[in-house]
Structures are given as C-alpha cells and as structure tokens.
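Beneath this line is the structure, given in structure tokens, with notes to follow.
The values are calculated or read from the model by the stated rules, or taken from the named source; none is laboratory data. Keep in mind that what you see is a predicted model, and the values were worked out from it rather than measured. Neighbour counts run over all protein chains shown; Cβ positions are idealised from the backbone, glycine included.
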Amino acid sequence: MFTMGIDIGSTACKCIILQDGNQIAARAIVPLGTGTNGPQNVFAEALAKLSLSRSDLSRILVTGYGRFTFDEADNQKSELSCHAKGISFLMPTARTIIDIGGQDIKALRVNARGMLENFVMNDKCAAGTGKFLDVMAGILNVKTEQLGEIAENAKDEVSISNTCTVFAESEVISKLSSNVRIEDLVAGIHRSVAKRVASLVFRNGIVPEVAMSGGVALNRGVVRALGQELKTEIKTHPDCQLVGALGAALFAYEEWNKTRLA
Ligand code: ADP
C-alpha cells in the first residue's frame, strides 16, 4: 500500500510516496512554492514515477506553509511535527535539527521517539534563509546550486557586515566592483548565513547529534560554515529537502493504520 506526503513550502514543493510505511518509493521536488502550480505538479510527478493514480494512494497528508491549499489532501499537519518525524526516520540518532528553507529557519529538538520537544524560529526576515542565498546568487550571476562548490576555492573569505538582505545586497555589489574574488565573496555570504543561524540555534541549546534539513542543507558551504560556528559536526542526508514530505507520508501511514484497526 502507498501513502503520500506533500510539503508545500514558500519556495519549493516536495513529495514522497511511501510503500508500506517504511520504504521511500518515489520522490519529487518542484522549485515552485505555494500559490503556484507547484503542489499539482509535484503530486502528478511523484504519481507518474510509479505509474500510479490518486486511487492507488491510501492516504495523503500535506504539510508546509501552504498546507491548507491542496484539495486532494486527506489531512494536514504542522511542519515542525513532520520535520521531527522525517528526520528520525532518516537519521534516528539526531536530537537537534536545523531546518533552513526558502523563507525561514527553525531549530528543533527531538527525542529518541522522533517527537518534537521544543523549537525556535526566526522572525519574518530573509536574513540567513534560502531567499538570502538566492538573492546573492542572482547578484553574482550564478545558480544557488553552485554556491557550495564555488566557496570550496575561497582563499581569503570576505566579511559581509550587513545581515539585512537589502543592505547585504548593496554591500556585495560594491565589493564585486572592487575586484574581490567571487569565491571569497561566496564564502563570506555563507559565513553571514551561518552566523545568523547559529545565533538562533544557540537560543535553543545544542544536543548532539546535530542534523540539517531543508533545501539549504544541500549547500555544503553553508553546512561547513555552520559547523564551524556551532563547533560541532553537522550531519546531512541526500533527502534533506524532502524531510517534511517524508514526515507527512509517515504520519499518513500511521493515520491509515489507525483507521484500519478502528
Ligand atoms: P521551503 O520549504 O521554504 O519552500 P526548501 O526547504 O525547499 O524551502 O528550500 C528552498 C531553498 O533551498 C532555496 O531557496 C535554495 O536557496 C535552497 N536550495 C534548493 N536546492 C538547492 C541546491 N541543490 N543547492 C543549494 N541550495 C539549494
């Protein structure tokens, strides 16, 4: 039997189809957020990968910022619970999760049963988020996906003094015009994100092991800089951006099981 979890984020939609509650059968990521065709597209893409239709799915659970906007859903659940659930499936020894998405940062503490113990979130500001990195990549005329690799060749990291995205944008433009190496600038951008995120994570305390989820965890430059700021090893997983969708699919399975046994 199959259950589906969809994470409708601010920037991207993610989908997981789970087989028998314990095996990832299909994954899909569409770089469009809530209020777009992203939810429908990611839903269709995941079904197509297994040549399934809606009627083959026993239950669909939706999470994320846009979770109340998808009509096919059987239920919705908060991102925090779904992230805790998803991470404990992928990385059962993680106790602190740092999730950096398109527009927010969350630091979560989870127990050994994958249940959320507490969390902190950023205020409504793009600093330190995927949006900040996307804006900087735009100025540098590179893709966000390339930033991690570019920073590997940094020699003399450039310090970015403005945290605010708008001011940092002007600062990066002015540094670019003063012939700073792009690699050093990108390393400085990652440092700025890491410092911002670390200040939030410290508020919630760090219990090892520490794992990162969300799309920004795919940027190894940010992961490295954040590990240095927190003075701890940070674990990631190739499915880090799909953690919320995975958690939703796992909850969908639990709910289906309860209805079946009731
Ligand atoms: P949300 O759930 O808020 O929509 P995600 O967790 O999907 O956000 O993360 C989206 C962000 O992840 C993007 O803004 C982008 O900065 C970053 N991102 C996505 N894919 C990659 C990648 N391959 N490499 C580096 N960063 C990425």
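Points to keep in mind about this one:
- Selected residue [closer than 27 Å to K14 by Cα, within 18 Å of the chain's Cα centre (by Cα), in contact (Cβ under 8 Å) with a residue 12 or more places away in the chain and within 11 Å of the ligand (Cβ to nearest atom)] from G114, G130: G130
- Residue within segment 50-59 that is in contact with a strand residue (DSSP E or B) (Cβ under 6 Å, 6 or more places away or on another chain) and within 16 Å of the ligand (Cβ to nearest atom) present: no
- R196 basic (K, R) and either within 18 Å of E145 (Cα to Cα) or crowded, with 23+ Cβ neighbours inside 10 Å (or both): no
- Number of positions in segment 45-68 that are under 20 Å from the mean Cα position of the chain (by Cα) and surrounded by 14 or more Cβ atoms within 10 Å (Cβ to Cβ): 9
- Residue within segment 23-44 that is under 15 Å from C82 (Cα atoms), under 21 Å from the mean Cα position of the chain (by Cα) and within 16 Å of the ligand (Cβ to nearest atom) present: no
- Of the residues screened, N75 is one that is more than 16 Å from the ligand (Cβ to nearest atom), modelled with pLDDT of 95 or more and either surrounded by fewer than 21 Cβ atoms within 10 Å (Cβ to Cβ) or not small (G, A, S) (or both).
- Filtered residue count, segment 47-103, keeping only those that are part of a strand (DSSP E or B) and not polar (S, T, N, Q): 9
- Filter result for Q146 (part of a loop (DSSP other than H, G, I, E, B) and either within 16 Å of the ligand (Cβ to nearest atom) or buried (at least 19 other Cβ atoms within 10 Å of the Cβ) (or both)): no
Yes or no, residue by residue, for (1) in contact with an Asp or Glu (Cβ under 6 Å, 6 or more places away or on another chain); (2) modelled with pLDDT under 95; (3) aliphatic (A, V, I, L, M):
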{"position": "S199", "(1), (2), (3)": "no, yes, no"}
{"position": "I206", "(1), (2), (3)": "no, yes, yes"}
{"position": "A211", "(1), (2), (3)": "no, no, yes"}
{"position": "L230", "(1), (2), (3)": "no, no, yes"}
{"position": "Q241", "(1), (2), (3)": "no, no, no"}
{"position": "L246", "(1), (2), (3)": "no, no, yes"}
{"position": "A262", "(1), (2), (3)": "no, yes, yes"}
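- Test for N118: is it in contact with a strand residue (DSSP E or B) (Cβ under 8 Å, 6 or more places away or on another chain) and more than 22 Å from L218 (Cβ to Cβ): yes
- For segment 230-262, the candidate set comprises residues that are buried (at least 18 other Cβ atoms within 10 Å of the Cβ) and away from the ligand (no atom under 16 Å from the Cβ); within that set, the residue that is farthest from T93 (Cα to Cα) is W256.
- Qualifying residue in segment 126-137 (condition: surrounded by 19 or more Cβ atoms within 10 Å (Cβ to Cβ), among the aromatic types (F, W, Y) and closer than 22 Å to A198 by Cα): yes
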